[in-house]
Amino acid sequence: MTMGSHFGLDDWYDPQVGDVAAGLHRRWNYQAVIVNYVWFSGVLESLPSNLIKIIDTHDVFGDRHLRSIAAGLKPEWYYTSQQEELRGLQRADIVLAIQNEEKKYFEELGLSKVEVVGFVTPPNFLPLRPNQRKMTIGYIASSNPWNVNSFLYLHAALEKRPELVKKFNFEVAGPICNVIKNENTIFNASGILDSVSNFYRNVDIVVNPMLGGTGLKIKSIEALSFGRPFFSTADGMVGIPSLYTQHNASSIEMLVDHMQNINENTTRRLSAESREIFSAYQRHQMINFKNVIQGI
């Protein structure tokens, strides 16, 4: 970590990749090149200026560690300063943000050509499950600290609502299961699955109790893509427009309150709303993507 409190821009970059990229360009004479993540922007320095250079940011990494510390979490993965992030992004002609709030952030840094292209994925709509004696509410996540922290807040809120714990089954899946096993007394933990579709087939409702974080919450798009009734905090839906209250809970407590009204009669409506929001989001991202490509 060359900057002491944070990574330098190119700390994760291997200059040999630039040599390989330059060789490929000499052979194929590319018109444009897309780099994933700002810490890999060094590859653009190895390519001539007549190429159109694009960085797909995926997330904001400037002062990411400060946001983690403020939330009481240990910084993990890559994080740098805003100045270093800007220096990397200035290597590109076009910067792709994953959602509108991050587009605004990059523009406020001083970047002039920022476009939004979110997460594009095909629909995987599933039929509602047959009537169950008890419906299952599920959460699937990686083990990053933001997910773990959010899950523990949800778990604590459910502990105060024994009537909901009695009314529903609760399922958690993914790498997060290995981290929360000592604190979890409510959710059946199924661990890492061979296919995420198996998780969605076996739950009736999906929740994302996200608190804070940056980027786009892919797990929210994924849940909507399966057409499952979906409940989320507002943080879990940043960059995914929806006016439905079940998608924009202002707190974990409000998210849990929404569960109280779930029954067999409401799931069909909630599923239709998930499909509606997913389809609108995908149409918008495809328009954005086509506009970027046509502008090259």
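Data overview
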read-out: Any hit, region 9-18, residues being closer than 30 Å to TYR153 by Cβ and in a loop (DSSP other than H, G, I, E, B); value: no
read-out: Hits in region 74-93 (condition: touching a residue at least 40 places away in the same chain (Cβ under 8 Å), outside any loop (DSSP other than H, G, I, E, B), over 12 Å from ARG64 (Cβ atoms) and not charged (D, E, K, R)); value: GLY88, LEU89
read-out: Breaking point among (1) of a type in the set (Gly, Ala, Ser); (2) farther than 21 Å from ASP257 by Cβ; (3) open to solvent by less than 30 Å² (accessible area, probe 1.4 Å); (4) free of Cβ contacts under 8 Å to residues at least 60 places away in the same chain, for ALA189; value: (3)
read-out: All positions within region 94-140 that are in contact with a Leu (Cβ under 8 Å, 6 or more places away or on another chain), open to solvent by 50 Å² or more (accessible area, probe 1.4 Å) and assigned to a loop (DSSP other than H, G, I, E, B); value: GLY110, PHE119
read-out: Matching residues, region 141-160, being farther than 16 Å from GLY212 by Cβ and in a loop (DSSP other than H, G, I, E, B); value: SER143, LYS160
read-out: Neighbours by Cβ (under 6 Å, 6+ apart or cross-chain): first from region 262-282, without any contact (Cβ under 8 Å) to a residue 60 or more places away in the chain; second open to solvent by 10 Å² or more (accessible area, probe 1.4 Å); value: GLU273/TYR244; ILE277/SER242
read-out: Failed item in (1) in contact with a Gly (Cβ under 8 Å, 6 or more places away or on another chain); (2) of a type outside the set (D, E, K, R); (3) more than 26 Å from GLU76 (Cα to Cα), with CYS177 passing the rest; value: (3)
read-out: Answer residue from region 144-180, given it is over 23 Å from the mean Cα position of the chain (by Cα) and acidic (Asp, Glu) and is nearest to GLU264 (Cα to Cα) among those; value: GLU163
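The values are calculated or read from the model by the stated rules, or taken from the named source; none is laboratory data. Please read these numbers as outputs of a predicted model, since none were measured by experiment. Because the Cβ atoms are built from the backbone with ideal geometry, glycine has one as well, and the counts that use them run over all protein chains shown. The protein model used for the area step is the full one, side chains on, heavy atoms only, and it has no ligands, DNA or RNA in it. Shrake-Rupley method; radii C 1.70, N 1.55, O 1.52, S 1.80 Å.
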